[in-house]
1. Residue 21: touching a residue at least 60 places away in the same chain (Cβ under 8 Å), closer than 21 Å to residue 110 by Cβ and either outside any helix (DSSP H, G or I) or in contact with an Asp or Glu (Cβ under 8 Å, 6 or more places away or on another chain) (or both), yes or no?
2. Of the residues in the range 9-44, how many are open to solvent by 90 Å² or more (accessible area, probe 1.4 Å), modelled with pLDDT of 90 or more and aliphatic (A, V, I, L, M)?
3. Can you tell me which residues in the range 27-66 are under 12 Å from residue 123 (Cα atoms) and polar (S, T, N, Q)?
4. Just to check your reading of the model, which residue among 80, 129, 89 is open to solvent by less than 80 Å² (accessible area, probe 1.4 Å) and in contact with a helix residue (DSSP H, G or I) (Cβ under 6 Å, 6 or more places away or on another chain)?
5. For the range 45-77, enumerate the residues that are open to solvent by 80 Å² or more (accessible area, probe 1.4 Å) and under 11 Å from residue 116 (Cα atoms).
6. Given the criteria modelled with pLDDT under 90, out of contact with any Asp or Glu (no Cβ under 9 Å at 6 or more places or on another chain) and part of a loop (DSSP other than H, G, I, E, B), does residue 134 qualify?
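The values are calculated or read from the model by the stated rules, or taken from the named source; none is laboratory data. If you're wondering where the values come from, they're calculated on a predicted model, not measured in any experiment. Cβ placement follows ideal geometry from the backbone for every residue including glycine, while neighbour counts extend to all protein chains displayed. Areas reflect the complete protein model, heavy atoms only, side chains present, ligands, DNA and RNA absent. Shrake-Rupley method; radii C 1.70, N 1.55, O 1.52, S 1.80 Å.
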Amino acid sequence: MRLPRLLISTVFSAIIMFAISYYWHGVLLNDLDFISYDKTLFFGLLSILYLLVGGALSFVLMAYKPAENRTLKHVTIGFAAGFMIYLVAFVLGVSFQGEGIEHTIVNFTWQMLEQGVGGFSISIYYVIAHRREKLMAFSDVRDDD
């Protein structure tokens with residue numbers, strides 16, 4: 001296992017998922033204005049949560065290397081993870097509150113999209129890191145002088 005690659009992809013995906021979550025909930029929907037918790041505590045715990053989600057996705061995607069359509073399959077895994085994560089949040093009652101089934105459907109869709117983007121970013125990072133390693137392996141021996 002390549003621990004540095006796993007850690008970098010974890011942090012990279014967590015930052016991306018946190019940023020798009022902040023944009024969705026803080027800028028577009030204004031949900032963050034209605035949080036009854038201390039904002040520092042909320043964002044600290046949210047950062048830890050995104051690191052855990054990013055780490056789990058990174059680990060699964062590092063282990064799963066399909067022969068074809070790798071990025072598409074990784075995004076699909078991200079969508080499935082988003083569905084399961086929101087399902088847990090919904091059952092526990094810790095999701096952003098709203099009225100009606102439309103709100104729930106939008107939140108499920110958003111969570112799936114958010115984790116899908118996380119899976120996409122991890123997949124792209126793994127492709128770039130793999131290509132970089134292949135290029136470094138074929139470097140010119142005379143460059144070492």
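1. yes
2. Total satisfying the criteria: 2.
3. Within the range 27-66, just 58 meets the criteria.
4. Just one listed residue meets the conditions, 129.
5. If the condition is that a residue be open to solvent by 80 Å² or more (accessible area, probe 1.4 Å) and under 11 Å from residue 116 (Cα atoms), then 72 is the only one that fits.
6. no
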